[in-house]
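Quick notes on the structure that follows.
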């Protein structure tokens, strides 16, 4: 039970979605507004006014001994906010806050910023390595297997033939046609898999969703709405069935426990005792959403 409480604290109670761990947030830094202070002009990295981006500048600071470039946006907000994504570090600060105060806030959040910058750099590298080449001979993951795509003008539709995914398209089909055909097939397969797995765990739970919808979200594997409907990301079909089962069980458990408290995790465990293994495996592959 202590482990379940720890899991509950780590998950939090705010969201009922199964989201990717890479995209977490950090609390903004509050600042005290002075009676009056002139608004600094927007500047570029070199210190000259930004011609086409008022209120936006590029700056350079040092964090942990490393030079870090960031985009500074001025706004009417009352706190200093931080965002790290695939474009790097972005800082949003009140117009009246000086650079020294911003640098101080950056230093205070140094560990989080550096960790997120490294995560995004690794994420970009993995995304590039895993990106599908939409061409004859390219590969795509399906239920944990690697399938080689083969364009076959004589085939009808899309079908698995051992480790080959045969796609019935003309030999001159372009990447867009191939991608559309394979993704449409993947979505059909995902719906079939979800419809097969949901009743298994719904029966164990004693409750079933009011509706199943497919999701294409880029940062969310699944969600459960208060009306009892469940959304599952069709890209889960890339994963082995045990990972799919974990996401299915996670969302089903919300039908009984609309939170992430100890009772929720106890429900998950009662439905899928080995859930934590799949949960950790899913955490290790936060960017597999880019597989298709």
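Table for the structure above
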| item | result |
| --- | --- |
| Residue check, residue 106 in a helix (DSSP H, G or I) and either in contact with a helix residue (DSSP H, G or I) (Cβ under 9 Å, 6 or more places away or on another chain) or surrounded by 20 or more Cβ atoms within 10 Å (Cβ to Cβ) (or both) | yes |
| Those residues of region 246-266 which are touching a helix residue (DSSP H, G or I) at 6+ places or on another chain (Cβ under 8 Å), over 19 Å from residue 227 (Cα atoms) and surrounded by fewer than 22 Cβ atoms within 10 Å (Cβ to Cβ), in sequence order | 261, 262, 266 |
| In region 247-259, residue farthest from residue 280 (Cα to Cα) [restricted to those that are modelled with pLDDT of 95 or more and in contact with a strand residue (DSSP E or B) (Cβ under 9 Å, 6 or more places away or on another chain)] | 255 |
| Filter result for residue 184 (at pLDDT below 95 and either outside the structural domain of residue 271 (by TED's automatic domain parsing) or out of contact with any helix residue (DSSP H, G or I) (no Cβ under 6 Å at 6 or more places or on another chain) (or both)) | no |
| Criterion (closer than 14 Å to residue 238 by Cα and in the same structural domain as residue 239 (by TED's automatic domain parsing)) met by exactly one of 207, 192 | 192 |
| Residue list for region 194-217, filter: in a helix (DSSP H, G or I), in contact with a strand residue (DSSP E or B) (Cβ under 8 Å, 6 or more places away or on another chain) and crowded, with 16+ Cβ neighbours inside 10 Å | 194, 198 |
| Residues located in region 218-252, provided they are farther than 21 Å from residue 140 by Cα and part of a loop (DSSP other than H, G, I, E, B) | 225, 226, 227, 228 |
| Every pair of residues 6+ apart whose Cβ atoms lie under 7 Å, when the first sits in region 204-230 and is on the phi > 0 side of the Ramachandran plot while the second is part of a loop (DSSP other than H, G, I, E, B) | 228/209; 228/210; 228/255 |
| Test: residue in region 273-281 that is at pLDDT 95 or above and touching a strand residue (DSSP E or B) at 6+ places or on another chain (Cβ under 9 Å) | no |
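The values are calculated or read from the model by the stated rules, or taken from the named source; none is laboratory data. These figures come from a predicted structure and were not determined experimentally. Here Cβ is always computed from backbone atoms with ideal geometry, including for glycine, and neighbour counts include all displayed protein chains.
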